[in-house]
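The values are calculated or read from the model by the stated rules, or taken from the named source; none is laboratory data. Quantities reported herein were computed from a predicted structural model and do not represent experimental measurements. Reconstructed Cβ throughout: ideal geometry from the backbone, glycine too, with neighbour counts over all protein chains shown. Ligands, DNA and RNA are stripped out before the accessible areas are found, and what is left, the full protein with its side chains, is counted by its heavy atoms. Shrake-Rupley method; radii C 1.70, N 1.55, O 1.52, S 1.80 Å.
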Amino acid sequence: QVQLVESGGGLVQAGGSLRLSCAASGSIVSFNFMGWYRQAPGKQRELVATKTIGGVTNYADSVKGRFTISRDNANNTVYLQMDSVKPEDTAVYYCACVTFLGVYYWGKGTLVTVSS
């Protein structure tokens, strides 16, 4: 069994920075995709950023140029550097990891609140 544990959420002022981390533990697997999704109150969960094991990244248009995803393949850890945050970035951020067989694993989420 695989567990994903997120950390780094909290309260930040608009224009500030925050770094989220997600570490996978449990059964040793390799993940093709590692990434982040978010869900704001009253909205559907949406993709924020993903990165493949080969280094290909994908970002939502709303965060391009402000957020940076990185991953440590050896330690099955993925990070999200959030810069120039905006109030509309307020959401619960979920770590998601996908194996080469297409199996999804989700973290429990970490709340990010951006004050104006």
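Using a 1.4 angstrom probe on heavy atoms only, work out the carbon and sulfur share of the accessible area of the chain in %.
51
Taking springs between alpha-carbon atoms closer than 10 angstrom, which of 78, 98, 48 fluctuates most in the Gaussian network model of the chain?
Among 78, 98, 48, the largest GNM mean-square fluctuation belongs to 98.
At q = 0.10, 0.12, 0.14 Å⁻¹, what is the log10 ratio I(q)/I(0) for the chain, with the Debye formula run over Cα points and no solvent?
Here the Debye-derived log intensity ratios amount to -0.26, -0.38, -0.51.
What trypsin sites (Lys or Arg not before Pro) does region 64-116 have in DSSP loop regions with at most 12 other beta carbons within 10 Å?
The qualifying sites are 64, 108.
Give me the 1.4 Å probe accessible area per residue for the chain, excluding ligands and nucleic acids, in Å².
53
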